[in-house]
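The values are calculated or read from the model by the stated rules, or taken from the named source; none is laboratory data. Here the structure is a predicted model, which means the values were calculated and not measured. Here the Cβ positions follow ideal geometry from the backbone for every residue, glycine too, while neighbour counts run over all protein chains shown. All accessible areas refer to the heavy atoms of the entire protein, side chains included, with ligands and DNA or RNA removed. Shrake-Rupley method; radii C 1.70, N 1.55, O 1.52, S 1.80 Å.
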Amino acid sequence: MPKYRLVFQKTGSAKWLSHLDVMHTFARAFLRAGIPLKHSEGFNPHPKISIAHPLPVGVEGYGELLDFEADCPSLERVPELLNAALPVGLRAIRAYPPQAAASEIALALYRLTFEYDNGAPAPERLADFFAQETIPVVKRSKKGETEINLRDAYLSFVARDAGEGRIEAEVVLDAARAPVNPKYFESALAETSLKPNYMAATREKFLDSTEKDFE
Amino acid sequence: MDSRLDRILRRVEKPARYTGGEYGAIIKNRAEVDTRVAFCFPDVYEVGMSNLGMQILYGLKNSMPGVWCERCFAPWPDMEREMRQAGIPLYALESGDPIREFDAVCFTLQYEMSYTNILNMLDLAGLELRAERREGFPVVFAGGSCAYNGEPLAPFVDFFVLGEGEEMNVEVVREIQRAKRDGISKQDFLRRVSAIPGVYVPSFYDVEYHTDGRVASITPKNGVPEKVVKRIVKDLDQMYFPEKTVVPSTEVIHDRVTVELFRGCIRGCRFCQAGQIYRPVRSKSCETVVKQAKALLEHTGCEEISLSSLSTSDYRPLGQLCDLLLEFCEPRRTNLSLPSLRADNFSFELMERVQKVRKSGLTFAPEAGSQRLRDAINKNVREEDLARTCRIAFEGGYSTLKLYFMIGLPTETDEDVLAIAGLAYRMMKLAKETATSKRGVRITVSVACFVPKPHTPFQWEAQNSMEEFKRKIDLLKGKMPRAIAYNWHDPSTSYLEAVFARGDRRLGDVLEQAWRDGCKFDGWNEYFDFEKWMGAFKKVGLDPDFYALRERGEDEILPWNHISVGVDPEYLKRERAAAYRSEITPDCRAGCSGCGASDFLEGGVCDA
């Protein structure tokens, strides 16, 4: 079990930082904040921090989890000290000794905002689309392109009209088995009349296998 | 951030380049700001954010009440395309506001191959390229090492600032504040700002040409001085230094804290522009360096600190400094790096102390293969010294050695070129005999093409033609031992550098034409397009050979004749003559050679 866990937000301009950037930025922020992180042993020691299910670049997160080992003066003061040392968009919320390992995260709740510059379709149409049994999308990775069924990646998709040409959807994604980048919800619509002009994605929180908030 | 920017950022490479928001970035309340300055670096974010000068001047200008200085970098072509398509003009990173709404737009000139990026950034900002076509504010000015002959950019900038910026920039920005308050015209502002020592307004100098293209005369008007003399800061201990800098959240080229040790160089290598233009030698005290280093390491949380100067091993209290810094760095796991070490006064014991864990590698720049040519260029390094240092390093377990050379230096013969292979061979042999590293020693030889630079003893020299460079590169390739990795610079880039380094203001037309034809990021191989450049010269009707390959007469009026870096042209001529006799000039510490730069300092004595 890691010693401590930090809940943090990654929003606004910070959503464009890569996972490595975030790790590096936190390592420095801990140092700036006067909280010395423990380092691994060996030839090339690195600070002991790890982030559960790193966010894809461009996606905001409100309940991100970072496990760390450090000599903390007071766990309660960690967020305040860190926030004085973090860049815009990265914000520490609270730190605590965790009860469960990050590997027990099962699900993630996402909020997807579909923007339609010329008026949004009825939310039911989006919900119907994402209720289909098969939703083929082409997944691109370094290894090449593979076709997957997006429907296997989420448990539920609930959409509502958010006004101003926007439809907001709450989606519970499978975070454990084969997590997908939420951008595929946009690309799935690319060839349809439901194609948005833009889709913003936010990960609200992690859930355990019983759909309770993951601590 | 609005979704308009988000919509394009998701399609570009490394979007974090374009968002700002870093720790240490300065956000001011618009209501308390009367003067907005955009500090533009004409290259991509990762390059610009590695530049110490930018961090210094950014902090400096923001320390002025009422002034908000923001950063702006050249967007990579993928982002530029998206911005143009979406109609988003070039914006400053801190506020996201378009820089065309600012009061001043300033550029730092680090190398000639970034000039087209300046034009591109002006255009992307929605500003007219030509200074004469821009009315009112923002004014556009430029400084940095290329400003000592910024003539090719003269048509595009309103003025240059020459020399060290720590004091001059405050005076210039104050003048901009005053001009805005008084509501005066740009012309009146330029008259006022031209009175600040070190400020050069090119439109206040008429340049005439002989029919063969040489400069016939440079005539000042509006009461400006005949020679604009660069500025220096006399006391580096009292000088402004930012103890809070912007810490990039994303990877940059040099992701570390940098603290200067001294300015100027005691060595006087005859090819080296930096060695002349940063004179006279002035040092920071050990106490100042330690204080600034600690403050910056604490502020940034960086894992590495680099000590910067033109020749680190010439800093007198280097040993003491390293001891003091290591005391602080080791418990924090901070690496200390010492670049620009010379092979002849290199202290191995010091290197060992500094690099306790990682034995990275050794890098030296003998510059020339033969002792004769090293004497001619005044690079007073002897092969014995290099061999002695390498031997200790190889015995101590070092496993890489990089050697940097130049070809096309004045007085060079084929024998000198081949001597590079000889030297490399002898180091390889030495490595075989002495190396203790299991992997042996990997030796790399890198060869650059010599570019004659203004304000150096070689400013009158002809550059080798591209064919000649290629011949020499191949000649050396044939003799270079196979076990040595051999790299060389592209002669066509060096040729263009030579054209613009010693160019006159007529070249502005070529710059504009090349930019219109699509040239940008010319310092990046993937974008450099030599044929486009040659086409631009042809369209404008100027011959690049005239600038690169022509030897100038010592009595010729050079395009930078009205610019003084404080070094006496007679001294440059003496040094050039000594080069032709392969005679060395002792370093400034061993004896003053009377370059004239010490006149900047009280009592005329520099801190060599």
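Of all residues in the stretch A:89-127, how many are surrounded by fewer than 19 Cβ atoms within 10 Å (Cβ to Cβ), in a strand (DSSP E or B) and out of contact with any Ser or Thr (no Cβ under 8 Å at 6 or more places or on another chain)? Number of matching residues: 3. Taking the listed residues B:17, B:84, the one that is surrounded by 23 or more Cβ atoms within 10 Å (Cβ to Cβ), touching a residue at least 40 places away in the same chain (Cβ under 8 Å) and either away from chain A (no Cβ under 14 Å) or over 30 Å from residue B:149 (Cα atoms) (or both) is B:17, with no other qualifying.
Being more than 14 Å from every other protein chain (Cβ to nearest Cβ), closer than 24 Å to residue A:58 by Cβ and among the aromatic types (Phe, Trp, Tyr) is true of residue B:73. When residues in the stretch A:183-202 are screened for being open to solvent by 30 Å² or more (accessible area, probe 1.4 Å) and either at positive phi or part of a loop (DSSP other than H, G, I, E, B) (or both), 6 of them pass. Screening residue B:555 against (1) in contact (Cβ under 8 Å) with a residue 60 or more places away in the chain; (2) acidic (Asp, Glu); (3) more than 23 Å from residue B:43 (Cβ to Cβ) leaves a single unmet condition, (1).
Of A:130, A:68, all but one fail to be farther than 30 Å from residue B:299 by Cβ, in contact with a strand residue (DSSP E or B) (Cβ under 7 Å, 6 or more places away or on another chain) and away from chain B (no Cβ under 14 Å); the exception is A:130. Being among the acidic types (Asp, Glu) and assigned to a helix (DSSP H, G or I) is a property that residue A:211 lacks. Restricting B:34, B:78 to residues that are more than 12 Å from chain A (Cβ to nearest Cβ), open to solvent by 40 Å² or more (accessible area, probe 1.4 Å), in contact (Cβ under 8 Å) with a residue 60 or more places away in the chain and not aliphatic (A, V, I, L, M) narrows the list to B:34.
Taking (1) surrounded by 13 or more Cβ atoms within 10 Å (Cβ to Cβ); (2) touching a His at 6+ places or on another chain (Cβ under 7 Å); (3) not small (Gly, Ala, Ser) in turn, residue B:226 satisfies each apart from (1). Within the stretch A:37-44, one or more residues are over 21 Å from residue B:296 (Cα atoms), more than 8 Å from chain B (Cβ to nearest Cβ) and modelled with pLDDT of 90 or more. For residue A:116, indicate whether it is hydroxyl-bearing (Ser, Thr, Tyr), more than 14 Å from every other protein chain (Cβ to nearest Cβ) and in contact with a Lys or Arg (Cβ under 8 Å, 6 or more places away or on another chain). No; evaluated as a whole, the condition is false for this residue. Just one residue in the set B:344, B:375 is among the charged types (D, E, K, R) and at pLDDT below 85; that residue is B:344. Just one of the listed residues (A:152, A:213, A:208) is open to solvent by 30 Å² or more (accessible area, probe 1.4 Å), more than 23 Å from residue A:5 (Cβ to Cβ) and away from every other protein chain (no Cβ under 14 Å), and it is A:152. Candidates B:135, B:128: the one that is modelled with pLDDT of 95 or more and open to solvent by 20 Å² or more (accessible area, probe 1.4 Å) is B:128. Filtered by the rule that a residue be open to solvent by 20 Å² or more (accessible area, probe 1.4 Å), under 22 Å from residue B:48 (Cα atoms), assigned to a loop (DSSP other than H, G, I, E, B) and away from every other protein chain (no Cβ under 14 Å), the stretch B:242-290 gives B:253, B:254, B:273, B:278.
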